[in-house]
Each structure stands twice: as structure tokens, then as C-alpha cells.
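Only one structure is covered here, and it is reproduced in the block below.
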Amino acid sequence: MLLYGYDEIKLALSLHKPLQELVNVYLVGGNMKKKVLAVDDSATVREFLRSTLETAGYQVILASDGNEALSVLSVSDGSIDMVLTDLNMPIMDGIQFIREVRSLPGYRFKPVMMLTSETQQELRIEGKAAGASCWLNKPFKPEKLLSVIRMVLPA
């Protein structure tokens, strides 16, 4: 059992920090950055996502295809807060990837955003049926991406 010392509690109270922040600092290890897994076969898109999300304060994990991303998720114990995935990728497309994500323990209800240049309504329906939480068409501006992420992944 973890106990807080008098000095830590006194310091936290003197700084007017809420109890939850004290718990975050001592139990979790400080900054509670949300973790986002970004999956895209384009190195340029992955770098754009990494840069945009890290600048906004997210911790970013990158994968170049669905299989690589599933490997990351399978050892993450549900600690990744959101997944962004391209639709058209080699080895495994985004829709099949989402189906696989939804079958993993800890990821049934986590937000999954599809990022794609595809605009066909049939693909949106298929993506939603697979478990996509939202869909964002490429190209998009960083502000739009962050706005949608903040809607489905509150701070």
C-alpha cells in the first residue's frame, strides 16, 4: 500500500492542487499525457501526425501497418487511449485492423479514428460497422484533426 508523507500532502495543499492530481503524481508517475497510436503506411503522414499530436501534448506511438499496430496494442494492456488509422494500407486494411482492435481486451470501447482520402459512403458504413468511432478525410488541417480528437477523447 502506498502512503503519502505529511510533507507531500502539505505541499500539495499549499499549492492548491486537487487530490486527483496528487494521486496522478504519486501513483501514476506524473504527467498524464493521453497515448495515441497512429497507423499509416506513409512515413510522411506518420511524421505529420507525430508532430501535430506531440505539439498538442499527446504521447504518440507510430506503426506503419495493421500488423505492427496490433503487436503494439497486444502488449499495451489497454493503456493506449486512442487509435488513428489509415484505410488503405498493405498487409491489412484499416477496416480489418479496426475489427481486430475491437477484439482485443481493453480496446472494445476506445476511440478509433479512420483517416483516409476515401469518400465513398459504403466504406464509411463498413468502417462504422467494424467499430470506427469517427472518420476524417485527408487532406486535413492540424486544427481539424485536434478538434475531432478532443471531441472523442476528452482531457
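Where does each of 91, 80 land when they are ranked from fewest to most other beta-carbon atoms within 10 angstrom? Don't skip to the end; give the middle numbers.
On the way: 91 12, 80 20.
Sorted ascending by nearby Cβ count, the order is 91, 80.
To make sure I understand, if each residue's beta carbon is the centre and we count other beta carbons within 10 Å, what order do 110, 138 fall in, fewest to most? Display every interim value, and only then the final one.
On the way: 110 20, 138 14.
Fewest-to-most Cβ neighbours within 10 Å comes out as 138, 110.
Quick one: work out Rg over Rh on the C-alpha atoms of segment 33-152, Rh as Kirkwood radius.
Details: Rg = 12.8 Å, Rh = 14.0 Å.
Ratio of gyration radius to Kirkwood radius for segment 33-152: 0.92.
How many lysine pairs in segment 33-152, separated by 8 or more positions in sequence or lying on different chains, have Cα atoms less than 19 Å apart? Please list the in-between numbers first.
On the way: 33/110; 34/110; 34/144; 35/110; 35/144; 110/128; 128/138.
Taking the Cα cut-off of 19 Å, the pair count is 7.
Label-point separation (nm) for residue 75 and residue 141, each offset 7 Å from Cα along Cα-to-Cβ?
4.0
If we count every other residue with Cβ under 12 angstrom of residue 114's Cβ, Lys/Arg +1 and Asp/Glu -1, where does the sum land?
Details: positive: 124, 128, 138; negative: 40, 86, 93, 118, 126.
Computed value for this residue: -2.
Largest first and to the nearest Å, give the Cα extent of segment 32-85 along each principal axis.
28, 26, 11
Work out the FRET efficiency for residue 121 and residue 68 from their Cβ-Cβ distance, taking R0 = 35 Å, and round it to the nearest 0.05.
Working: r = 29 Å, r/R0 = 0.84.
Efficiency, from the Cβ-Cβ distance: 0.75.
A short reminder: the numbers here are calculations on the coordinates, not readings from a lab. Predicted, not measured: the structure shown is a model, and the values here were computed from it. Note: ideal-geometry Cβ built from the backbone for every residue, glycine included; neighbour counts use all protein chains shown.
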